[in-house]
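Notes for the one structure printed next.
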Amino acid sequence: MNTRFTAGCLVLVAACVAAAGAEQRSPSARASTAATIIPQKPAPPGPLPALPVVSFTPPVPMPVVQQVYEFAARHPEVLQYMPCYCGCESLGHRGNHECFVKSRAQNGRVTEWESHGIGCAVCLGVGYRAMTLFNQGRSVADIRKAIDTEIGSRYPSSTPTPLPAKARS
């Protein structure tokens, strides 16, 4: 990966984290979304597996990485509709969910993580932004539109990710 691309990815994640922090601190933002926050669904049965051990330092702090991976585990109904723009379609990924989750048991519990997402600022940025918007009560269609506009407009390619049903009309 070239240095300019990596720097751009880090700026993207930092901007997403900063924007989310500002939204969380803003009393008007809290007041306007308080009535529409969608309750978090419980995790699938069983504990989540430990994150993969990697030989590099992630591009964002580990607590952010952990939040995004946990969100991917608990909300595949969101991230399966979010494209990724890092080029991971060459790995066979069809959406941002696959940047973090490699496999699930039949009951939906994560059985294996995909280590790619730990080291990719673009994957983490998309996942973090989707998580932030979901926690504000935004619909999956609205989240997809925001991701396409805010992040997708910066990159030449993306995973072949389907639109959520409400966004197709």
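So the values come out like this:
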quantity	calculated
Calculated FRET efficiency for the pair Arg94/Ser153, C-beta based, R₀ 22 Å, to 0.05	0.60
Segment Val54-Glu77, extension gain: residue separation times 0.36 nm, minus the distance between their alpha carbons	5.6 nm
Amide proton proximity set for Val101, modelled H, under 5 Å, gap of 5+	Glu114
Debye intensity ratio I(q)/I(0), log10, the stretch 87-150, q values 0.17 Å⁻¹ (C-alpha model)	-0.66
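Values quoted throughout were computed directly from the atomic coordinates according to the rules given, and no laboratory measurement underlies them. Bear in mind that the values here come from a model prediction, so they are computed numbers and not experimental data. Note that each Cβ is placed from the backbone with ideal geometry, even for glycine, and that neighbours are counted across all protein chains shown.
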